[in-house]
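Input: a single structure, listed below in structure tokens.
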Amino acid sequence: QVQLMESGGGLVQPGGSLRLSCAVSGSIFRIGVMGWFRQAPGKQRDRVATVNSGDSTDYANSVKGRFTISRDNAQNTVYLQMNSLKPEDAAVYYCYAEIIPAGDIRSRGYWGQGTQVTVSS
């Protein structure tokens with residue numbers, strides 16, 4: 001069974017940094033796009049950043065220049081380095097990946113359970 005497990009969330013002061021990690025486990029044939037989304041209370045889940053299998057990245061305008069997404073294909077892991085954090089960055093951050101499970105032929109979207117990021121002094 002394919003699973004995504006996030007780690008690295010927590011409480012940080014404005015201007016601080018956090019690094020989120022998301023490890024994919026299970027029987028996998030191929031991983032395509034990986035990314036991070038976030039959802040603040042009462043708001044919709046929004047895309048933060050994505051990285052494809054060729055390491056091309058894309059960012060929401062609100063995080064450009066502050067956040068960096070990267071992936072380690074050997075470890076089936078995606079990272080989100082978050083710098084210069086602002087109170088409006090506070091949210092539950094969800095990992096996402098498009099995965100073809102072993103023995104399957106179709107790519108499906110998988111989500112992690114989320115990790116809380118709180119930005120407060």
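The values are calculated or read from the model by the stated rules, or taken from the named source; none is laboratory data. This one's a predicted model, so the numbers in the text were calculated from it and none came from an experiment. Using ideal geometry, Cβ is built from the backbone for each residue, glycine included, and neighbour counts are taken over all protein chains shown. Protein only, heavy atoms only, side chains kept; ligands, DNA and RNA dropped before computing areas. Shrake-Rupley method; radii C 1.70, N 1.55, O 1.52, S 1.80 Å.
For the reader, a short list of remarks on this structure follows.
- Qualifying positions in the range 41-83 - farther than 25 Å from S27 by Cβ, in a loop (DSSP other than H, G, I, E, B), in contact with a strand residue (DSSP E or B) (Cβ under 6 Å, 6 or more places away or on another chain) and not small (G, A, S): R45
- Yes/no for V24 being farther than 13 Å from G114 by Cβ and either touching a residue at least 40 places away in the same chain (Cβ under 8 Å) or part of a loop (DSSP other than H, G, I, E, B) (or both): yes
- In the range 30-53, the residue that is nearest to the chain's Cα centre (by Cα) out of those that are over 17 Å from T77 (Cβ atoms) and open to solvent by 50 Å² or more (accessible area, probe 1.4 Å) is R47.
- Once the range 88-121 is narrowed to residues that are open to solvent by 40 Å² or more (accessible area, probe 1.4 Å), of a type in the set (A, V, I, L, M, F, W, C) and assigned to a loop (DSSP other than H, G, I, E, B), the residue that is nearest to G15 (Cα to Cα) is A102.
- Inclusion of S62 among residues that are closer than 20 Å to K86 by Cβ and of a type in the set (S, T, Y) is warranted.
- Residue that is under 18 Å from Q1 (Cα atoms) and of a type outside the set (D, E), where the choices are S107, S120, S84: S107
- Scan of the range 8-21 for residues that are open to solvent by less than 40 Å² (accessible area, probe 1.4 Å) and in a strand (DSSP E or B), ordered by number: G10, V12, L18, L20, S21
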